[in-house]
Amino acid sequence: MIDPRQFWYVACPSESLQPDRPAAVTLFDHWIVCFRDSSGNPVALLDRCLHRCGRLSRGSVHHGLLRCPYHGWKYDAAGRVVEIPSAGESLLTTVHNLSASRYDTREQDGYIYIRLTQPPAPNDPFPMPHYQETGWQNIRLVHDFASTITHCVENFIDIPHTAYVHHGIFRKESRQKLVAEIRRSNGEVHVSYKNENRNIGSFGWFLNPRGEPVQHTDSFYMPNITHVAYRIGSRVEYLITSQSVPITEESTRVFTDITFRFGIWSRIARPFARRQAQRVIRQDIDELNAQMEVIRKCPAPFVDTPADFIHKMISQIREAIARGDDPRQLPEISRTVTFWV
(Lines give C-alpha, C1' and ligand atoms only; values in the text may rest on other atoms or scores of the structure.)
Protein backbone atom coordinates (compact mmCIF):
# COMPACT_ATOMS: atom_id res chain seq x y z
CA MET A 1 0.00 0.00 0.00
CA ILE A 2 1.14 3.53 -0.83
CA ASP A 3 0.09 6.56 1.18
CA PRO A 4 0.39 9.95 -0.58
CA ARG A 5 1.92 11.31 2.64
CA GLN A 6 4.88 8.93 2.33
CA PHE A 7 6.39 10.92 -0.54
CA TRP A 8 8.83 13.80 -0.15
CA TYR A 9 7.29 17.26 -0.65
CA VAL A 10 8.88 20.68 -0.65
CA ALA A 11 8.22 22.46 2.63
CA CYS A 12 9.99 25.72 1.84
CA PRO A 13 13.12 27.13 0.22
CA SER A 14 16.26 26.66 2.33
CA GLU A 15 16.62 30.41 2.72
CA SER A 16 13.31 30.52 4.63
CA LEU A 17 14.96 28.86 7.63
CA GLN A 18 17.01 31.49 9.41
CA PRO A 19 19.11 30.56 12.48
CA ASP A 20 16.79 32.46 14.84
CA ARG A 21 13.41 32.12 13.18
CA PRO A 22 11.14 29.15 12.38
CA ALA A 23 8.89 28.82 9.33
CA ALA A 24 5.25 27.74 9.20
CA VAL A 25 4.33 25.08 6.63
CA THR A 26 1.00 23.46 5.76
CA LEU A 27 1.07 20.04 4.13
CA PHE A 28 -2.00 17.84 3.68
CA ASP A 29 -3.79 20.27 6.01
CA HIS A 30 -1.20 19.52 8.74
CA TRP A 31 0.34 22.55 10.46
CA ILE A 32 4.10 22.05 10.66
CA VAL A 33 6.91 24.19 12.03
CA CYS A 34 10.39 24.01 10.50
CA PHE A 35 13.60 25.31 12.05
CA ARG A 36 17.33 24.62 12.09
CA ASP A 37 19.08 22.81 14.94
CA SER A 38 22.43 23.86 16.37
CA SER A 39 24.25 22.12 13.50
CA GLY A 40 22.13 23.86 10.86
CA ASN A 41 20.11 20.76 9.97
CA PRO A 42 16.40 21.21 9.18
CA VAL A 43 13.85 19.99 11.73
CA ALA A 44 10.08 19.62 11.28
CA LEU A 45 7.62 19.29 14.18
CA LEU A 46 3.86 19.46 14.55
CA ASP A 47 3.09 23.18 14.90
CA ARG A 48 1.48 22.79 18.33
CA CYS A 49 2.95 23.27 21.77
CA LEU A 50 2.12 20.39 24.11
CA HIS A 51 1.37 22.79 26.96
CA ARG A 52 -1.50 25.07 25.87
CA CYS A 53 -1.49 24.63 22.09
CA GLY A 54 0.61 27.65 21.29
CA ARG A 55 1.61 28.00 17.64
CA LEU A 56 5.29 27.07 17.68
CA SER A 57 5.92 28.71 14.31
CA ARG A 58 5.19 32.08 15.99
CA GLY A 59 8.07 31.46 18.37
CA SER A 60 11.83 31.83 18.05
CA VAL A 61 14.96 29.71 17.79
CA HIS A 62 17.78 29.96 20.33
CA HIS A 63 20.97 27.96 19.72
CA GLY A 64 19.03 25.33 17.79
CA LEU A 65 16.16 25.07 20.31
CA LEU A 66 12.63 26.12 19.41
CA ARG A 67 10.82 28.29 21.97
CA CYS A 68 7.02 28.51 22.16
CA PRO A 69 5.86 32.15 22.18
CA TYR A 70 3.10 31.50 24.72
CA HIS A 71 4.86 30.21 27.85
CA GLY A 72 8.43 29.75 26.66
CA TRP A 73 8.60 25.94 26.52
CA LYS A 74 11.63 24.83 24.53
CA TYR A 75 11.96 21.88 22.12
CA ASP A 76 15.10 20.28 20.76
CA ALA A 77 15.75 18.75 17.33
CA ALA A 78 14.12 15.46 18.39
CA GLY A 79 10.96 17.29 19.48
CA ARG A 80 11.69 16.72 23.19
CA VAL A 81 10.70 19.31 25.77
CA VAL A 82 13.96 20.52 27.29
CA GLU A 83 12.86 23.59 29.22
CA ILE A 84 9.73 24.69 31.10
CA PRO A 85 10.52 28.18 32.47
CA SER A 86 7.65 28.33 34.95
CA ALA A 87 8.51 24.98 36.57
CA GLY A 88 12.27 24.91 36.82
CA GLU A 89 14.23 21.68 36.82
CA SER A 90 11.97 19.79 39.24
CA LEU A 91 8.99 19.43 36.91
CA LEU A 92 11.13 18.96 33.83
CA THR A 93 12.63 15.76 35.23
CA THR A 94 9.15 14.29 35.64
CA VAL A 95 8.04 15.09 32.08
CA HIS A 96 11.25 14.17 30.28
CA ASN A 97 9.33 11.87 27.91
CA LEU A 98 7.24 14.72 26.51
CA SER A 99 7.89 15.06 22.79
CA ALA A 100 6.17 16.84 19.90
CA SER A 101 5.42 14.86 16.74
CA ARG A 102 8.46 14.96 14.46
CA TYR A 103 8.69 14.45 10.68
CA ASP A 104 11.51 13.35 8.42
CA THR A 105 13.33 16.15 6.65
CA ARG A 106 15.91 16.44 3.91
CA GLU A 107 17.68 19.43 2.39
CA GLN A 108 18.56 19.32 -1.29
CA ASP A 109 19.17 21.84 -4.08
CA GLY A 110 18.08 24.79 -1.96
CA TYR A 111 14.82 23.23 -0.74
CA ILE A 112 13.69 21.72 2.56
CA TYR A 113 11.69 18.52 2.00
CA ILE A 114 9.31 16.76 4.40
CA ARG A 115 7.53 13.42 4.43
CA LEU A 116 4.76 12.87 6.95
CA THR A 117 4.61 9.09 7.38
CA GLN A 118 6.62 5.90 7.30
CA PRO A 119 7.51 3.59 5.65
CA PRO A 120 8.99 5.77 2.92
CA ALA A 121 7.57 5.67 -0.57
CA PRO A 122 9.96 4.68 -3.37
CA ASN A 123 11.07 8.16 -4.32
CA ASP A 124 13.74 10.68 -3.40
CA PRO A 125 13.40 14.45 -3.76
CA PHE A 126 13.57 15.36 -7.44
CA PRO A 127 17.10 16.52 -8.39
CA MET A 128 16.81 20.06 -9.71
CA PRO A 129 18.56 20.12 -13.10
CA HIS A 130 21.76 22.20 -13.40
CA TYR A 131 21.21 23.75 -9.96
CA GLN A 132 24.05 26.25 -9.29
CA GLU A 133 25.91 24.95 -12.34
CA THR A 134 28.29 27.31 -14.13
CA GLY A 135 26.74 28.83 -17.24
CA TRP A 136 23.16 28.28 -16.08
CA GLN A 137 20.69 30.74 -14.58
CA ASN A 138 18.00 29.70 -12.09
CA ILE A 139 14.85 31.59 -11.13
CA ARG A 140 12.79 30.23 -8.22
CA LEU A 141 9.14 31.20 -7.80
CA VAL A 142 6.41 30.20 -5.31
CA HIS A 143 2.68 30.60 -5.97
CA ASP A 144 -0.56 29.33 -4.41
CA PHE A 145 -3.35 27.87 -6.54
CA ALA A 146 -6.95 27.28 -5.39
CA SER A 147 -6.87 23.99 -7.26
CA THR A 148 -5.80 20.36 -6.89
CA ILE A 149 -2.42 18.87 -7.63
CA THR A 150 -3.89 16.87 -10.51
CA HIS A 151 -5.33 19.95 -12.22
CA CYS A 152 -2.10 21.86 -11.68
CA VAL A 153 0.21 19.24 -13.16
CA GLU A 154 -2.19 18.75 -16.06
CA ASN A 155 -2.02 22.46 -16.81
CA PHE A 156 1.76 22.66 -16.58
CA ILE A 157 2.29 20.21 -19.45
CA ASP A 158 -0.78 21.15 -21.48
CA ILE A 159 0.11 22.73 -24.83
CA PRO A 160 -3.31 23.67 -26.31
CA HIS A 161 -4.18 26.11 -23.51
CA THR A 162 -1.04 28.17 -24.11
CA ALA A 163 -2.36 29.61 -27.39
CA TYR A 164 -5.33 31.13 -25.53
CA VAL A 165 -4.42 31.70 -21.88
CA HIS A 166 -0.91 32.92 -22.78
CA HIS A 167 -1.66 34.25 -26.26
CA GLY A 168 1.30 36.16 -27.65
CA ILE A 169 3.48 35.52 -24.61
CA PHE A 170 4.02 31.81 -24.99
CA ARG A 171 2.18 30.88 -28.17
CA LYS A 172 -0.60 32.08 -30.42
CA GLU A 173 -3.23 30.19 -32.37
CA SER A 174 -1.60 29.10 -35.62
CA ARG A 175 -3.13 25.70 -36.43
CA GLN A 176 0.31 24.12 -36.40
CA LYS A 177 0.23 20.33 -36.48
CA LEU A 178 2.10 18.70 -33.59
CA VAL A 179 2.94 15.05 -33.13
CA ALA A 180 3.36 13.81 -29.55
CA GLU A 181 4.96 10.51 -28.66
CA ILE A 182 3.68 9.53 -25.21
CA ARG A 183 5.14 6.86 -22.96
CA ARG A 184 4.07 5.85 -19.47
CA SER A 185 6.05 3.47 -17.27
CA ASN A 186 7.22 3.11 -13.65
CA GLY A 187 5.00 5.94 -12.36
CA GLU A 188 6.26 8.42 -14.96
CA VAL A 189 4.87 9.96 -18.15
CA HIS A 190 7.18 11.28 -20.86
CA VAL A 191 6.10 13.18 -23.96
CA SER A 192 8.32 14.03 -26.92
CA TYR A 193 7.03 16.52 -29.50
CA LYS A 194 7.88 16.63 -33.17
CA ASN A 195 7.36 19.28 -35.84
CA GLU A 196 7.81 22.20 -33.45
CA ASN A 197 10.16 24.92 -34.67
CA ARG A 198 8.10 28.09 -34.43
CA ASN A 199 5.22 29.57 -32.41
CA ILE A 200 7.21 29.60 -29.17
CA GLY A 201 6.23 33.05 -27.97
CA SER A 202 7.15 36.70 -28.00
CA PHE A 203 10.87 35.95 -27.60
CA GLY A 204 11.01 33.50 -30.49
CA TRP A 205 13.09 36.00 -32.46
CA PHE A 206 15.74 35.79 -29.74
CA LEU A 207 15.49 32.12 -28.77
CA ASN A 208 15.33 30.73 -32.28
CA PRO A 209 16.27 33.37 -34.87
CA ARG A 210 17.27 30.75 -37.49
CA GLY A 211 14.12 28.67 -37.14
CA GLU A 212 16.04 25.59 -35.98
CA PRO A 213 14.12 22.48 -34.91
CA VAL A 214 12.93 22.63 -31.32
CA GLN A 215 13.47 19.61 -29.10
CA HIS A 216 10.57 19.77 -26.67
CA THR A 217 9.86 17.15 -24.01
CA ASP A 218 7.40 17.15 -21.12
CA SER A 219 7.61 14.75 -18.18
CA PHE A 220 5.61 13.86 -15.08
CA TYR A 221 7.16 12.06 -12.12
CA MET A 222 4.96 10.64 -9.39
CA PRO A 223 3.47 12.01 -7.29
CA ASN A 224 3.70 15.72 -8.16
CA ILE A 225 6.59 16.77 -10.42
CA THR A 226 6.37 18.21 -13.94
CA HIS A 227 9.43 18.97 -16.02
CA VAL A 228 9.30 20.85 -19.31
CA ALA A 229 12.43 21.09 -21.48
CA TYR A 230 13.07 23.13 -24.62
CA ARG A 231 16.34 22.73 -26.49
CA ILE A 232 17.14 24.76 -29.59
CA GLY A 233 20.38 23.96 -31.37
CA SER A 234 23.44 23.84 -29.15
CA ARG A 235 23.04 27.29 -27.57
CA VAL A 236 19.60 27.48 -25.98
CA GLU A 237 18.06 25.34 -23.25
CA TYR A 238 15.05 26.40 -21.22
CA LEU A 239 13.71 24.15 -18.45
CA ILE A 240 10.66 24.52 -16.20
CA THR A 241 10.42 22.26 -13.17
CA SER A 242 7.29 22.54 -11.03
CA GLN A 243 6.68 20.82 -7.69
CA SER A 244 3.00 20.92 -6.72
CA VAL A 245 2.56 20.55 -2.97
CA PRO A 246 -0.83 19.83 -1.31
CA ILE A 247 -1.71 22.50 1.23
CA THR A 248 -5.23 21.10 1.49
CA GLU A 249 -7.28 18.86 -0.78
CA GLU A 250 -8.21 21.78 -3.02
CA SER A 251 -5.30 24.18 -2.59
CA THR A 252 -1.78 23.71 -3.92
CA ARG A 253 1.50 25.54 -3.43
CA VAL A 254 3.68 25.36 -6.52
CA PHE A 255 7.45 25.75 -6.37
CA THR A 256 8.68 26.59 -9.87
CA ASP A 257 12.28 26.54 -11.03
CA ILE A 258 13.08 28.24 -14.34
CA THR A 259 16.52 27.04 -15.42
CA PHE A 260 18.12 28.24 -18.64
CA ARG A 261 21.22 29.00 -20.62
CA PHE A 262 21.25 31.39 -23.56
CA GLY A 263 24.99 31.54 -24.10
CA ILE A 264 26.50 34.96 -23.47
CA TRP A 265 23.01 36.45 -23.00
CA SER A 266 22.02 34.27 -20.03
CA ARG A 267 22.66 36.79 -17.26
CA ILE A 268 21.21 39.72 -19.21
CA ALA A 269 18.05 37.72 -19.95
CA ARG A 270 17.42 36.87 -16.29
CA PRO A 271 15.09 39.81 -15.36
CA PHE A 272 13.10 39.39 -18.57
CA ALA A 273 12.73 35.64 -18.00
CA ARG A 274 11.51 36.25 -14.44
CA ARG A 275 8.96 38.83 -15.54
CA GLN A 276 7.60 36.60 -18.30
CA ALA A 277 7.41 33.57 -16.01
CA GLN A 278 5.54 35.56 -13.35
CA ARG A 279 3.06 36.78 -15.94
CA VAL A 280 2.44 33.29 -17.35
CA ILE A 281 1.95 31.78 -13.87
CA ARG A 282 -0.50 34.52 -12.84
CA GLN A 283 -2.55 33.76 -15.94
CA ASP A 284 -2.55 30.05 -15.06
CA ILE A 285 -3.63 30.85 -11.49
CA ASP A 286 -6.60 32.87 -12.75
CA GLU A 287 -7.66 30.12 -15.15
CA LEU A 288 -7.24 27.20 -12.74
CA ASN A 289 -8.98 29.02 -9.88
CA ALA A 290 -11.92 29.72 -12.19
CA GLN A 291 -11.92 26.10 -13.35
CA MET A 292 -12.12 24.91 -9.74
CA GLU A 293 -15.09 27.19 -9.06
CA VAL A 294 -16.92 25.64 -12.00
CA ILE A 295 -16.05 22.10 -10.87
CA ARG A 296 -17.46 22.80 -7.41
CA LYS A 297 -20.62 24.34 -8.87
CA CYS A 298 -21.20 22.01 -11.82
CA PRO A 299 -19.22 18.79 -11.43
CA ALA A 300 -19.31 16.68 -14.56
CA PRO A 301 -16.94 14.39 -16.46
CA PHE A 302 -14.43 16.05 -18.74
CA VAL A 303 -14.73 15.62 -22.50
CA ASP A 304 -11.39 14.46 -23.86
CA THR A 305 -9.63 15.06 -27.17
CA PRO A 306 -6.51 13.25 -28.48
CA ALA A 307 -4.33 15.94 -26.89
CA ASP A 308 -5.79 15.00 -23.48
CA PHE A 309 -4.38 11.47 -23.60
CA ILE A 310 -1.35 12.85 -21.75
CA HIS A 311 -3.58 14.03 -18.92
CA LYS A 312 -5.37 10.68 -18.79
CA MET A 313 -2.07 8.89 -18.22
CA ILE A 314 -1.18 11.27 -15.38
CA SER A 315 -4.65 11.09 -13.81
CA GLN A 316 -4.43 7.30 -13.66
CA ILE A 317 -1.16 7.58 -11.73
CA ARG A 318 -2.64 10.12 -9.33
CA GLU A 319 -5.79 7.99 -8.87
CA ALA A 320 -3.70 4.90 -8.12
CA ILE A 321 -1.84 6.76 -5.37
CA ALA A 322 -5.15 8.00 -3.90
CA ARG A 323 -6.38 4.38 -3.77
CA GLY A 324 -3.18 3.26 -2.06
CA ASP A 325 -1.99 1.35 -5.13
CA ASP A 326 1.53 1.44 -6.51
CA PRO A 327 1.47 3.38 -9.84
CA ARG A 328 4.54 1.49 -10.98
CA GLN A 329 2.27 -1.51 -11.44
CA LEU A 330 0.11 0.25 -14.03
CA PRO A 331 0.59 -1.14 -17.56
CA GLU A 332 3.28 0.45 -19.69
CA ILE A 333 1.73 2.40 -22.55
CA SER A 334 3.20 4.03 -25.65
CA ARG A 335 1.09 6.03 -28.06
CA THR A 336 1.47 8.69 -30.73
CA VAL A 337 -1.19 11.40 -30.96
CA THR A 338 -1.64 14.33 -33.32
CA PHE A 339 -3.23 17.67 -32.54
CA TRP A 340 -3.12 21.28 -33.68
CA VAL A 341 -2.16 24.47 -31.86
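The values are calculated or read from the model by the stated rules, or taken from the named source; none is laboratory data. Not measured: the values here are computed from a predicted model. Please note: Cβ atoms are built from the backbone with ideal geometry, for glycine as well, and neighbour counts cover all protein chains shown. The accessibility values were calculated without ligands, DNA or RNA, using every heavy atom of the protein model including side chains. Shrake-Rupley method; radii C 1.70, N 1.55, O 1.52, S 1.80 Å.
What about residue 183, is it within 15 Å of residue 260 (Cβ to Cβ), among the charged types (D, E, K, R), assigned to a strand (DSSP E or B) and modelled with pLDDT of 85 or more?
When the stated conditions are applied, residue 183 does not pass them.
Give me the residue from region 127-157 that is part of a loop (DSSP other than H, G, I, E, B) and under 17 Å from residue 317 (Cα atoms) and, out of that set, least open to solvent (accessible area, probe 1.4 Å). Even if it seems obvious, please write down each step before you answer.
Kept after step one, since they are part of a loop (DSSP other than H, G, I, E, B), are these residues of region 127-157: 127-136, 146-148, 157.
Restricting the remaining residues to those that are under 17 Å from residue 317 (Cα atoms) gives 148, 157.
Details: 148: 27, 157: 4 Å².
Filtering region 127-157 for residues that are part of a loop (DSSP other than H, G, I, E, B) and under 17 Å from residue 317 (Cα atoms), the one least open to solvent (accessible area, probe 1.4 Å) comes out as 157.
As an exercise: evaluate residue 313 against (1) out of contact with any strand residue (DSSP E or B) (no Cβ under 9 Å at 6 or more places or on another chain); (2) crowded, with 17+ Cβ neighbours inside 10 Å; (3) of a type in the set (A, V, I, L, M) and give the number of the one condition it does not meet.
Looking at each condition in turn, residue 313 falls short on (1).
Which residues, counting only those in region 284-305, are open to solvent by less than 80 Å² (accessible area, probe 1.4 Å) and either over 18 Å from the mean Cα position of the chain (by Cα) or on the phi > 0 side of the Ramachandran plot (or both)?
290, 291, 292, 295, 300, 305
Of all residues in region 1-16, count the ones that are surrounded by fewer than 23 Cβ atoms within 10 Å (Cβ to Cβ) and either of a type in the set (Gly, Ala, Ser) or without any contact (Cβ under 8 Å) to a residue 60 or more places away in the chain (or both).
Residues flagged as surrounded by fewer than 23 Cβ atoms within 10 Å (Cβ to Cβ) and either of a type in the set (Gly, Ala, Ser) or without any contact (Cβ under 8 Å) to a residue 60 or more places away in the chain (or both) within region 1-16 amount to 2.
Considering only residues that are touching a residue at least 12 places away in the same chain (Cβ under 8 Å) and among the acidic types (Asp, Glu), which ones fall in region 313-341?
Across region 313-341, the qualifying residues are 325, 326, 332.
Looking at (1) of a type in the set (Val, Ile, Thr); (2) touching an Asp or Glu at 6+ places or on another chain (Cβ under 8 Å); (3) in a strand (DSSP E or B); (4) touching a residue at least 60 places away in the same chain (Cβ under 8 Å), which one does residue 82 not meet, given that it meets all the others?
(4)
Select from region 110-122 the residues that are buried (at least 16 other Cβ atoms within 10 Å of the Cβ) and out of contact with any Ser or Thr (no Cβ under 8 Å at 6 or more places or on another chain) and list them in ascending order.
115, 116, 121
Taking only pairs six or more apart or across chains, which ones have beta-carbon atoms under 9 Å, a first residue in region 300-312 that is more than 10 Å from residue 337 (Cα to Cα), and a second residue that is basic (Lys, Arg) and open to solvent by 70 Å² or more (accessible area, probe 1.4 Å)?
That search, which allows pairs on different chains as well, returns 304/312.
Could you tell me which of the residues 70, 103 is in contact with a strand residue (DSSP E or B) (Cβ under 6 Å, 6 or more places away or on another chain) and either of a type in the set (Ser, Thr, Tyr) or without any contact (Cβ under 8 Å) to a residue 24 or more places away in the chain (or both)?
None of the others qualify; the one that does is 103.
Which of (1) modelled with pLDDT of 95 or more; (2) more than 23 Å from residue 28 (Cα to Cα) is the odd one out, the single condition residue 132 does not satisfy?
Among (1) modelled with pLDDT of 95 or more; (2) more than 23 Å from residue 28 (Cα to Cα), residue 132 violates only (1).
Conditions (1) at pLDDT 95 or above; (2) surrounded by 16 or more Cβ atoms within 10 Å (Cβ to Cβ), marked per residue:
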site: 220; (1), (2): yes, yes
site: 226; (1), (2): yes, yes
site: 234; (1), (2): no, no
site: 238; (1), (2): no, yes
site: 246; (1), (2): yes, yes
site: 253; (1), (2): yes, yes
site: 262; (1), (2): no, yes
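May I ask you to verify whether residue 283 is over 14 Å from residue 147 (Cβ atoms), of a type in the set (S, T, N, Q) and assigned to a helix (DSSP H, G or I)? Outline the logic, then answer.
Numbers: over 14 Å from residue 147 (Cβ atoms): no; of a type in the set (S, T, N, Q): yes; assigned to a helix (DSSP H, G or I): yes.
Taking the combined requirement at face value, the residue does not satisfy it.
Which condition breaks for residue 256 when tested against (1) touching a Cys at 6+ places or on another chain (Cβ under 7 Å); (2) part of a strand (DSSP E or B)?
Exception for residue 256: condition (1).
Are any residues in region 17-46 open to solvent by 40 Å² or more (accessible area, probe 1.4 Å) and either in contact (Cβ under 8 Å) with a residue 60 or more places away in the chain or under 21 Å from the mean Cα position of the chain (by Cα) (or both), and if so, which ones?
24, 28, 29, 30, 31, 41
Quickly run through region 53-69 and pick out the residues that are in contact with a Ser or Thr (Cβ under 9 Å, 6 or more places away or on another chain) and either more than 12 Å from residue 83 (Cβ to Cβ) or of a type in the set (D, E, K, R) (or both).
The answer is 64, 67, 69.
Looking only at region 1-39, filter to residues that are in a strand (DSSP E or B) and polar (S, T, N, Q); which one of those is farthest from residue 326 (Cα to Cα)?
Filtering region 1-39 for residues that are in a strand (DSSP E or B) and polar (S, T, N, Q), the one farthest from residue 326 (Cα to Cα) comes out as 18.
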